[in-house]
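The values are calculated or read from the model by the stated rules, or taken from the named source; none is laboratory data. Everything numeric in this text was worked out from a predicted model, so none of it was measured. FYI the Cβ positions are ideal-geometry reconstructions off the backbone, even for glycines, and counts take in every protein chain you see. Accessible surface areas use protein heavy atoms only, side chains included; no ligands, DNA or RNA. Shrake-Rupley method; radii C 1.70, N 1.55, O 1.52, S 1.80 Å.
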Amino acid sequence: MRLGGHTAALGMLLGVLAFPSVCQAGGTVEVLHWWTSGGEAKAIATLKSAFEAQGGKWIDSPVAGGGGDAAMTALRARVVAGNPPSAVQLKGPNIQEWARQGVLTDIDAVARAEKWDELLPPVLASIMKFHGKYVAAPVNIHRVNWIWANPAVLAKAGVLPPTTWDEFNAAADKLKAAGITPLAHGGQPWQDATLFETVVLGLGGADFYRKALVELDEKAITSSTMIKVFDQMRKLRSYVSPDFSGRDWNLATATIMNGQAGFQLMGDWAKGEFVAAGKVAGQDFLCIPAPGLPGFILNSDSIAMFKVNGVDKLEGQKVLASLIMSEGFQETFSLNKGSIPARLGVPRDKFDSCARKSMDDLAADTNANTLVPSMAHEMAVSRSVRGEILDVVTNHFNSDMSSQDAVKRLVEAIRRARS
Ligand code: GAL
């Protein structure tokens, strides 16, 4: 971290003087999150140690389960019980939903003093605010639509990185013929939805993606393109290994590393697993933009602050917010997490080729208007709409439902969620 030892020591001293008996020097935070895989745990540990270096007390509340569905259930129970954690990994429209319920607190004094408006891309700044005030701080930017592959495995099967879905299917067939599982996948609804939105973008393009998965336009949802999307999902289903059901995403990533599987379609938190295992980008693993039409599916993690009482906890929230937006933290966290910084202007020299590609594509896709928010990762629609979409996608993936039926059910499910 770039926090100088002197600054930290001084901070501790001042903190002790300011709150002699009741307070931890840098305050106390309880952080509820779902970063429990190897790479994720390493990344969140950098925030914990930086916070503690400022004299703060960190209470860790991890809730295992990729994609965060279990964490959100735990959060709801805590809020209902009137005992929310002070800081929570929360994203996209979810931040607004909790803010509307009056349970978030603003950290606008810190944001204004540190000029966050100038440090963040406007698209992220607006997600972090409620009624014009910051209630959350972004930690990173993840790209969802990647393929992860082991170059030795591709070479063994004589397969090249695919650029279209037809090429993907042809490569998958070749892998299968070579005795390799074509698609590393864990059968959990959010993972199925990650495949689904990647196929929606690849086959339909960014405008179609926005119409179908952001605006929930019925013409798009019932179009022949959506039928093709479900056809491709059926193909993908034929490429997974028999033990895929319920498997955690990081275990699927491990099958890429150990040569059992060819491709994983997953966001770049998968890179965090490769990096934690000492693997090198471009050499031990490849990051390949997902096939088809161009675009960048955006997923940004952030920490929202809940209303809590007591000077010590309020101080903890301020210290944490400031730390999250510091250049040093944004760099260290993303190096471990597989993401890129949310904050603008963080030097790129320490980042690998995958992160640099992500940075370049983010800029290019922003300019080309092909940057789209992730539905599966809660950046696009309300939790209830997302839940309905995930149900249909998973039911289709795990049955012999036709693409036509899936489309019909999708329309009905979305109508239900919105009524
Ligand atoms: C995403 C989250 C990532 C990563 C992933 C798997 O929703 O944004 O940070 O944790 O889930 O757990």
When you have a sec, figure out the Kirkwood radius of segment 185-242 from all distinct Cα pair distances and drop it here in Å to one decimal? 11.7
Heavy-atom accessible surface of the chain: percent carbon and sulfur, 1.4 Å: 55
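Starting from the Kirkwood Rh over alpha-carbon pairs, what translational D in µm² s⁻¹ does the chain have by Stokes-Einstein at 37 °C and 0.692 mPa s? Working shown, then result.
Working: Rh = 22.0 Å.
It comes out at roughly 149 µm²/s.
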Under a point spin-label approximation (7 Å from Cα along Cα-to-Cβ), what is the residue 245-residue 402 distance to one decimal in nm? 2.5
Going by average Cβ neighbours within 10 Å, how do the peptides 271-277, 42-48, 345-351 rank, with the highest at the top? 271-277, 42-48, 345-351
Rounded to the nearest 500, what is the chain's calculated 222 nm mean residue ellipticity when only DSSP H runs of at least 4 contribute -39500 (n - 2.57) each, over all residues? -16000 deg cm²/dmol
Give, rounded to the nearest 20 debye, the magnitude of the charge dipole that the chain has about its Cα centre when Lys and Arg contribute +1 at Cβ and Asp and Glu contribute -1 at Cβ. 260
Sort out for me the Cα centre separation of segment 78-156 from segment 271-301, rounded to whole Å. 21
Express in nm, to one decimal, how much length is gained between residue 167 and residue 415 on full extension, taking 0.36 nm for each residue of separation and deducting their alpha carbon distance. 85.8 nm
In degrees, nearest 10, the alpha-carbon axis of helix 224-237 is tilted away from the dominant principal axis of the alpha carbons of the chain by 90
With the dipole of the chain worked out from charges on the C-beta (+1 for Lys and Arg, -1 for Asp and Glu) around the Cα centre, which of 374, 402, 26 lies farthest toward the positive end? 26
Place the peptides 262-269, 332-339 in order of packing, highest mean first, counting for every residue the other Cβ atoms within 10 Å and averaging per peptide. 262-269, 332-339
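Using mean Cβ contacts within 10 Å as the protection proxy, how do 213-220, 181-188 order, highest first?
Per-residue mean Cβ counts within 10 Å order the peptides as 181-188, 213-220.
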Per residue, how much accessible area does the chain have with a 1.4 Å probe, in Å²? 39
Using the basic label-point model (7 angstrom from Cα toward the beta carbon), what is the residue 97 to residue 366 distance in nanometres? 2.7
